1. Could you check, for the range 293-312, whether at least one of its residues is open to solvent by 10 Å² or more (accessible area, probe 1.4 Å), in contact (Cβ under 8 Å) with a residue 60 or more places away in the chain and farther than 23 Å from Ile53 by Cβ?
2. Tell me which residues, restricted to the range 197-214, are over 24 Å from Gly159 (Cβ atoms) and either away from the ligand (no atom under 16 Å from the Cβ) or in a helix (DSSP H, G or I) (or both).
3. Could you check the range 181-194 and list, in sequence order, the residues that are open to solvent by less than 10 Å² (accessible area, probe 1.4 Å) and either outside any helix (DSSP H, G or I) or away from the ligand (no atom under 14 Å from the Cβ) (or both)?
4. Give the range 30-41 a look and list any residue that's aliphatic (A, V, I, L, M) and either surrounded by fewer than 21 Cβ atoms within 10 Å (Cβ to Cβ) or within 16 Å of the ligand (Cβ to nearest atom) (or both), or say none.
5. Among the numbered conditions (1) without any contact (Cβ under 8 Å) to a residue 60 or more places away in the chain; (2) away from the ligand (no atom under 16 Å from the Cβ); (3) crowded, with 22+ Cβ neighbours inside 10 Å, tell me where Ala165 comes up short.
6. Among the strands (runs of 3 or more DSSP E) confined wholly to the range 81-161, which include 1 or more residues that are farther than 24 Å from Gln189 by Cα, more than 16 Å from the ligand (Cβ to nearest atom) and touching a strand residue (DSSP E or B) at 6+ places or on another chain (Cβ under 6 Å)?
7. Take Leu281 and decide whether it is open to solvent by 20 Å² or more (accessible area, probe 1.4 Å), closer than 24 Å to Gly51 by Cβ and touching a strand residue (DSSP E or B) at 6+ places or on another chain (Cβ under 9 Å).
8. Do any residues in the range 182-202 that are closer than 23 Å to Glu230 by Cβ and of a type in the set (Gly, Ala, Ser) have Cβ atoms under 8 Å from those of residues that are part of a helix (DSSP H, G or I) and open to solvent by less than 40 Å² (accessible area, probe 1.4 Å), where the two are at least six apart or on different chains, and which pairs are they?
Amino acid sequence: MVKRHDEALTVEYDRPGGAEVLELRPRPLTPPGRGEVTVEVITTGISHIDGFIRSGREETWSDDPWPRRSGSDFAGIVVASGDGAARFRRGAEVIGHVRAGAHAEYVTVSEGALVARPRGVTWETAGGLYLAGATALDTVDELRVGPDDVVVISAAAGGVGSIEAQIARHRGATVIGTCGDRNFDYLRQLGIKPVRYGEGIADRIRAAAGRPVTAMVDNFGQDGRDLADELGVPPARYRSSEDRRQTELGLLDDDPAAVARGTRLLEEVVRLAERRAFTVLVSGFYPLAAVAEAYEDLARLHARGKVILGTRPVTTVRSLKARDVFEAAR
Ligand SMILES: NC(=O)c1ccc[n+]([C@@H]2O[C@H](COP(=O)([O-])OP(=O)(O)OC[C@H]3O[C@@H](n4cnc5c(N)ncnc54)[C@H](OP(=O)(O)O)[C@@H]3O)[C@@H](O)[C@H]2O)c1
């Protein structure tokens, strides 16, 4: 049983809307049921699709009862186990996923939604690994990216794109990543060829590639099928923003078979992270109570890596980010 705590601060909302509808409320902690564990959340990621579901732009789950909860990725410490849940002992450090409700001090999930956190995967990174990592891995796997490929990945410095691009590099592909000028150095450090998005992009990609492009992933929803056609990418080797939406909805599905599949992908993502096949930058780290501010940061569409919430921040003093200085000076 959970000791000392009988309620947990939990992010909830009562109506569709922007991040301003989110409220941090004390909620009773119920003991885990059969096969479930309760996890004290240390870090938890935020994702665009959470915001789309909240606002109603994404209509899947629009019949869910109110109040609704937020957040699907988390990392934390097991504090209680229900009957039949024996995989993780109390005190085990885990990374997990849930349809909604990760933006909280505690979350109760099936133990089948958890994998062990290796020491080499930091808490800050671990809490944002599930949705972005599994989407990236599933996409690279589906496209069967390999050493003969030249792959274009849009928004390659973002939460999903940065993991996708690094896994594609790890599989031996030549990777071209679209980004703004501010991310050229970052992508180059990862061995990814940066190309500025916008007018004339096809010519810039051809120049950077030096040989035919064989696959393309449009994360951003701007450089889509037309660009892929122009570059001669076969339809079977192109993934659109709509494909990505379907992938993410599948990863959020709480049907037991979908949860098991999501956990298998998460296991592989964590293994790749532990082996440093990819690293994830933390673009912004906010206390749980600043969840609305974190979403506003994400909505600016210039995250480099993931935006993460922490339940135990050491300070709430905001630091000025280099990117804010750079952009203010433009
Ligand atoms: N189809 C769907 O259902 C679905 C689901 C989730 C997300 N999305 C969209 O996919 C995008 C990326 O997802 P994410 O989770 O990786 O988000 P993210 O972390 O917020 O991505 C931010 C990145 O997007 C880049 N970016 C900004 N404007 C761009 C443009 N015009 N073309 C290409 N890249 C651009 C930024 O690079 P610079 O800072 O260098 O500009 C930044 O690194 C978001 O726009 C999101 O709304 C779509």
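The values are calculated or read from the model by the stated rules, or taken from the named source; none is laboratory data. Remember, it's a predicted structure, so these values are computed and weren't measured experimentally. Note that we place each Cβ from the backbone using ideal geometry, even for glycine, and neighbour counts take in every protein chain shown. These area figures cover heavy atoms from the full protein model, side chains too; ligands, DNA and RNA do not enter into them. Shrake-Rupley method; radii C 1.70, N 1.55, O 1.52, S 1.80 Å.
1. yes
2. Result: Ala202, Asp203, Arg206, Ala207, Ala209, Gly210, Arg211, Pro212, Thr214.
3. Within the range 181-194, Ile192 is the sole residue that qualifies.
4. Of everything in the range 30-41, nothing turns out to be aliphatic (A, V, I, L, M) and either surrounded by fewer than 21 Cβ atoms within 10 Å (Cβ to Cβ) or within 16 Å of the ligand (Cβ to nearest atom) (or both).
5. Single failed check for Ala165: (2).
6. Passing ranges, in order: 93-97, 106-110, 114-116.
7. Yes.
8. Cβ pairs passing all conditions: Ala202/Leu227; Ala202/Leu231.
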